[in-house]
1. Conditions first: (1) more than 22 Å from G141 (Cβ to Cβ); (2) assigned to a helix (DSSP H, G or I); (3) more than 20 Å from the chain's Cα centre (by Cα); (4) of a type outside the set (G, A, S). F123 passes all but one, so which condition is the exception?
2. Can you pull out every residue in the stretch 215-243 that is under 18 Å from Q54 (Cα atoms) and at pLDDT 90 or above?
3. Taking V64, is it part of a helix (DSSP H, G or I) and over 21 Å from the mean Cα position of the chain (by Cα)?
4. Restricting the stretch 143-186 to residues that are at pLDDT below 85, among the β-branched types (V, I, T) and open to solvent by 20 Å² or more (accessible area, probe 1.4 Å), which is nearest to T66 (Cα to Cα)?
5. Got a sec? Which of I101, I37 is surrounded by 12 or more Cβ atoms within 10 Å (Cβ to Cβ) and free of Cβ contacts under 8 Å to residues at least 40 places away in the same chain?
6. What pairs come up if the first residue lies in the stretch 42-71 and is modelled with pLDDT under 90, the second is among the charged types (D, E, K, R), and their beta carbons are under 6 Å apart, counting only those six or more places apart or on different chains?
Amino acid sequence: MRTDRFFKGILWGGGVFFGLLLVFIFIFLLKGSWLSIKAFGLKFLVMKVWDPIQERFGLLPLLVGTLLTSFISLIISLPFSFSIALLLSFYVKTGFLNKTISYTTDLLAGIPSVIYGLWALFFLVPFVRWLEIKLHVIPYGVGILTASLVLSIMIIPYASSMMREVMKLVPKDLIEAGYSMGATRYDVVRKVIIPYARSGIIAGLLLSFGRAFGETMAVTMVIGNANTMPQSIFSPSNTMASIIANEFTEAVKEIHLSSLIHVGLWLFIITFIINLMGNYVIKRFEVR
């Protein structure tokens with residue numbers, strides 16, 4: 001009994017600590033961005049101009065750039081993440097190939113983002129520039145597409161790891177029952193494994209989306225850092241995280257610094273909302 005109470009106390013204490021930590025972070029961001037909130041109000045969300053010289057700051061182009069890079073990278077990474085998870089949990093469960101792919105995929109998650117950014121500068125940027133020349137668009141090289149490509153590679157380990165662990169939990173009885181009914185391996189995957197593991201698949205997607213949404217350094221190096229509304233996926237742009245990294249040390253005016261913290265406040269709020277929606281979606285699609 002005492003042991004149970006001790007561990008319950010630790011769990012409650014940890015929950016209270018992290019809850020207070022979130023509150024303190026929110027208060028810090030709210031206090032730091034108060035000058036910007038008073039100056040711009042809700043117009044901050046819809047203004048299309050970010051100009052520190054004229055002291056005009058709007059979140060909309062940064063929000064659009066963040067959402068575009070996150071969603072495009074998620075779409076690109078989805079087939080690769082799902083294929084890796086399915087291969088390791090259903091087709092190649094053991095052996096050298098399983099260990100090699102698992103180790104290589106997990107290793108991708110440990111590479112610093114600045115390394116991804118350097119690799120993208122020397123490999124992806126020339127490739128995208130060549131593609132843009134072939135498509136007869138302005139060959140920037142850097143832009144939303146380049147940032148999305150490097151982000152898609154960075155988030156594959158997170159999505160595939162979550163999907164793989166959930167797919168391994170599919171009861172063997174269900175799989176064997178599917179085969180006994182005359183189902184092919186494709187039918188078992190489509191009608192047994194995917195429905196049973198859908199909550200884990202969605203969780204992996206949301207985890208990788210959150211990773212892409214807040215990524216800073218790799219995106220900053222290849223997105224072009226243009227504080228304007230993107231016209232296409234080839235256009236240079238900026239994200240909420242990258243503009244903070246670019247301009248925070250150079251902000252000499254109070255309104256500029258407050259606006260950057262204001263961007264961080266909305267990044268915090270949007271991430272929090274995405275996590276709440278993710279928990280609801282996971283519970284909604286959970287196998288009962």
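The values are calculated or read from the model by the stated rules, or taken from the named source; none is laboratory data. Since the model is a prediction, treat every value here as computed from it, not as a measurement. We place every Cβ from the backbone using ideal geometry, glycine too, and count neighbours over all the protein chains shown. Surface accessibility is based on the protein's heavy atoms, side chains included, excluding ligands, DNA and RNA. Shrake-Rupley method; radii C 1.70, N 1.55, O 1.52, S 1.80 Å.
1. Going through (1) more than 22 Å from G141 (Cβ to Cβ); (2) assigned to a helix (DSSP H, G or I); (3) more than 20 Å from the chain's Cα centre (by Cα); (4) of a type outside the set (G, A, S) one by one, F123 breaks only (1).
2. I243
3. Numbers: part of a helix (DSSP H, G or I): yes; over 21 Å from the mean Cα position of the chain (by Cα): no.
No; evaluated as a whole, the condition is false for this residue.
4. V166
5. Values: I37 fails: free of Cβ contacts under 8 Å to residues at least 40 places away in the same chain.
On inspection, the qualifying residue turns out to be I101.
6. Hits for this filter: V49/R56; G58/K48.
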